[in-house]
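Asks: Got a structure for you, questions after.
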Amino acid sequence: WADIFQPDDRIGLAVGQPMKATKAVAGATLDEVDPFLWELYYSFRPNDSMEITPAVFGGTDILSDAADDVFGAVVTTKFKF
């Protein structure tokens, strides 16, 4: 979404989950783990030559078992000369 708090800013949310089989044939087994990933960011311009984008992200069950969760944060700064 654009122009939420001030002109030229953006806020975004992304969620995702891979496709998963719901039925197995010929003796195959189904994966019992449901991975889920998400990201939230806010991009703003404090002046005409700089853009700052902080973001947080996370995921649950990203590998083959339920103990593989991730969480993180990042800040990206772009300068224009």
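Asks: Pull out all pairs, ordered by first then second residue, where Cβ-Cβ is under 8 Å, the residues are six or more apart or on different chains, the first lies in segment 66-81 and is in a loop (DSSP other than H, G, I, E, B), and the second is small (Gly, Ala, Ser).
Replies: Pairs that qualify, where the first residue is in a loop (DSSP other than H, G, I, E, B) and the partner is small (Gly, Ala, Ser), are ASP69/GLY58; ASP69/GLY59; LYS80/SER49; PHE81/SER49.
Asks: Sticking with this one: Considering only segment 41-56, I want to know if a residue exists there that is over 30 Å from PHE79 (Cα atoms) and out of contact with any helix residue (DSSP H, G or I) (no Cβ under 8 Å at 6 or more places or on another chain).
Replies: no
Asks: Now, a different point. Checking ASP3 against (1) acidic (Asp, Glu); (2) surrounded by 10 or more Cβ atoms within 10 Å (Cβ to Cβ); (3) at negative phi: exactly one of these is not met. Which one?
Replies: (3)
Asks: OK, next. Need pairs with beta-carbon distance below 6 Å; first residue under 22 Å from VAL15 (Cβ atoms) and at pLDDT 90 or above and within segment 41-61, second polar (S, T, N, Q) and surrounded by fewer than 14 Cβ atoms within 10 Å (Cβ to Cβ); sequence gap 6+ or separate chains.
Replies: Cβ pairs passing all conditions: THR53/THR76.
Asks: Continuing with this model, one more query. If you take the residues of segment 29-81 that are among the polar types (S, T, N, Q) and closer than 26 Å to TRP1 by Cα, which of them is least open to solvent (accessible area, probe 1.4 Å)?
Replies: SER43
Asks: Out of segment 1-36, which residues are within 20 Å of ALA67 (Cα to Cα) and at pLDDT 80 or above?
Replies: Matches in segment 1-36: VAL15, GLY16, GLN17, PRO35, PHE36.
The values are calculated or read from the model by the stated rules, or taken from the named source; none is laboratory data. Just so it is clear, the model here is predicted, and its values are computed rather than measured. Positions of Cβ are backbone-derived with ideal geometry, glycine not excepted, and every protein chain shown enters the neighbour counts. Ligands, DNA and RNA are excluded from the accessible area calculation, which covers all protein heavy atoms including side chains. Shrake-Rupley method; radii C 1.70, N 1.55, O 1.52, S 1.80 Å.
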